[in-house]
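Accompanying notes for the structure given below.
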Amino acid sequence: MTTISEPLCLRRPHLQRWCLRRYLAEAVLRRVLARVPVRVTLPDGRALGTDDPSLPTIEILEPVAAFERLAHHPKIGIGESYMAGEWRPAPGHDLADVLHPFAERMTTAVPPLLRKARILVERAIPASQRNTLLGSRRNIEAHYDLSNELFERFLDPSLMYSSALFDEGSDWSGQSLESAQRHKVERVLDLASVGEGSQVLEIGTGWGTLAIAAAERGAQVTSVTLSQEQASLARERIDAAGLSERVDVRIEDYREATGRYNAIVSVEMIEAVGEEYWPTYFATLDQRLAEGGTVVIQAILMAHERYQATRNSFGWIQKHIFPGGLIPSWQAIRDVAAGHTTLRVRETATFGPHYAETLRRWRETFLARWPEIAAHGFDEEFRRMWEFYLAYCQAGFASGYLDVAHLTLRRP
């Protein structure tokens with residue numbers, strides 16, 4: 001097995017540019033590993049960075065291909081290299097654990113001089129991913145319409161595809177994910193003061209769990225989604241619960257919603273709106289909210305300086321998992337709401353570690369039930385893609401790089 005460091009490669013004129021890129025990618029990785037406590041091994045037995053076997057360890061199986069991807073686009077290449085099977089966590093090491101030190105040092109892992117040079121390799125977000133009325137529909141379908149069977153295999157019976165909220169008063173290991181998801185749903189409805197006679201607008205139906213819970217409280221619910229698959233199963237579940245007269249599921253963009261509601265809830269949907277349309281999103285909330293009403297948003301968040309640094313950069317998650325997605329900061333939400341609406345953020349409750357645990361359980365179930373998932377036509381590259389996605393996000397929340405919060409908005 002040859003490596004990109006071989007002098008012979010660099011002496012061949014027709015390969016010099018090809019080899020130089022890989023040589024530079026390995027050199028950059030060495031600089032990063034001087035700041036991040038992770039051990040990386042190559043097939044010839046060499047270790048990049050420290051050779052401490054007690055550290056989380058990555059095995060690069062195909063160094064030529066892996067470094068080519070990293071050289072071409074670092075933010076996208078690391079995930080695509082995992083998808084291609086070019087690296088893996090060493091035996092006995094967990095994927096989220098080897099990613100955690102990088103997430104923990106996201107702002108300091110790359111030396112300052114190299115951070116300034118990132119403009120040379122970063123790509124802009126493609127115009128095709130803009131969340132226009134048509135673009136939003138395409139972006140949502142690309143993820144949420146993969147198949148209901150896929151999500152049913154790794155989610156708990158509540159079919160909530162967002163962070164659960166565990167009871168802090170007892171050991172999480174003794175709590176089921178389903179009970180923690182139910183706890184989250186009830187918290188959202190409590191914050192929005194949903195009860196008998198409430199008129200509720202839900203932006204982002206999912207598979208109907210929150211709408212069912214609101215209707216069980218005596219509310220009348222209008223729920224909008226762009227996912228045909230989700231809408232179909234949500235209606236089945238609502239009908240089975242005997243609540244069809246209380247819940248109206250519409251395949252409709254949030255911008256097309258009508259009416260006035262005294263409670264609006266939106267769980268992890270803002271991440272799919274896109275920065276360009278945040279003013280429209282919050283203006284819609286303002287227009288649809290009746291006097292004295294409450295808006296509750298469950299949102300994934302990142303620090304404001306990280307949001308500013310990444311807001312125009314195209315990453316692996318946007319390319320392969322959530323096209324058109326962008327994670328906001330608390331400050332960005334506050335500023336957009338204040339600048340475009342009469343709404344103000346009144347309460348914020350963060351619970352990032354709960355998302356790390358949610359993702360850990362999803363990934364564990366996804367891998368355990370992979371044979372059933374594969375039977376629906378998903379291949380090994382898809383398995384590695386989703387394993388990386390779930391582990392990557394788990395590391396982000398466990399390290400504190402990402403957070404999740406319930407934001408309550410009202411008028412003064």
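For the range 309-347, what are the residues that are of a type in the set (S, T, N, Q), within 23 Å of Arg137 (Cα to Cα) and part of a loop (DSSP other than H, G, I, E, B)?
Asn312
For residues in the range 37-67 being on the phi < 0 side of the Ramachandran plot and out of contact with any Ser or Thr (no Cβ under 9 Å at 6 or more places or on another chain), which is surrounded by the fewest Cβ atoms within 10 Å (Cβ to Cβ)?
Ser54
Can you name every residue in the range 74-88 that is under 19 Å from the mean Cα position of the chain (by Cα) and aliphatic (A, V, I, L, M)?
If the condition is that a residue be under 19 Å from the mean Cα position of the chain (by Cα) and aliphatic (A, V, I, L, M), then Ile76, Ile78, Met83 are the ones that fit.
Among the candidates Ile212, Ile238, single out the residue that is under 26 Å from the mean Cα position of the chain (by Cα), of a type in the set (A, V, I, L, M, F, W, C) and assigned to a helix (DSSP H, G or I).
Checking each option against the conditions leaves just Ile212.
Out of the residues in the range 220-254 that are out of contact with any helix residue (DSSP H, G or I) (no Cβ under 8 Å at 6 or more places or on another chain) and surrounded by 20 or more Cβ atoms within 10 Å (Cβ to Cβ), which is nearest to Gly293 (Cα to Cα)?
The residue in question is Thr222.
Give the residue, chosen from Phe382, Phe388, that is under 17 Å from the mean Cα position of the chain (by Cα), aromatic (Phe, Trp, Tyr) and crowded, with 20+ Cβ neighbours inside 10 Å.
Residue meeting the stated conditions: Phe388.
Would you confirm whether or not the range 361-381 contains a residue that is at negative phi and in contact with a Cys (Cβ under 7 Å, 6 or more places away or on another chain)?
No, that holds for no residue.
Please indicate, with yes or no, whether at least one residue in the range 166-185 is in a loop (DSSP other than H, G, I, E, B), surrounded by 15 or more Cβ atoms within 10 Å (Cβ to Cβ), touching a residue at least 40 places away in the same chain (Cβ under 8 Å) and polar (S, T, N, Q).
no
Quick one: which residue in Leu191, Leu150 is touching a Ser or Thr at 6+ places or on another chain (Cβ under 6 Å) and either assigned by TED's automatic domain parsing to the domain that holds Arg383 or touching a residue at least 60 places away in the same chain (Cβ under 8 Å) (or both)?
Just a single option satisfies the conditions, and that option is Leu191.
Would you mind stating whether Arg306 is modelled with pLDDT under 95, closer than 30 Å to Arg123 by Cα and not polar (S, T, N, Q)?
Yes: the conditions hold for Arg306.
State all residues of the range 51-81 that are in contact with a Lys or Arg (Cβ under 8 Å, 6 or more places away or on another chain), farther than 18 Å from Tyr389 by Cα, among the hydrophobic types (A, V, I, L, M, F, W, C) and not in a helix (DSSP H, G or I); if no residue qualifies, say none.
Across the range 51-81, the qualifying residues are Leu55, Leu61.
Being farther than 20 Å from Thr350 by Cα and in a loop (DSSP other than H, G, I, E, B) is the filter here; which residues of the range 267-308 pass it?
Val273, Gly274
Pick from Arg11, Arg22, Arg39: which is at pLDDT below 90 and out of contact with any Phe, Trp or Tyr (no Cβ under 6 Å at 6 or more places or on another chain)?
Arg11
Each row is one residue, and each column tells you yes or no for (1) at pLDDT below 95; (2) in contact with a Leu (Cβ under 8 Å, 6 or more places away or on another chain); (3) under 17 Å from Tyr23 (Cα atoms).
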position	(1), (2), (3)
Ala66	yes, no, yes
Ala71	yes, yes, yes
Gly77	yes, yes, yes
Arg88	no, yes, no
Val98	no, no, no
Phe102	yes, no, no
Gly135	yes, no, no
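The values are calculated or read from the model by the stated rules, or taken from the named source; none is laboratory data. Keep in mind the model is a prediction, meaning the values are calculated, not measured. Methodologically, a virtual Cβ is constructed for each residue, glycine included, from the backbone with ideal geometry; neighbour enumeration extends over all protein chains shown.
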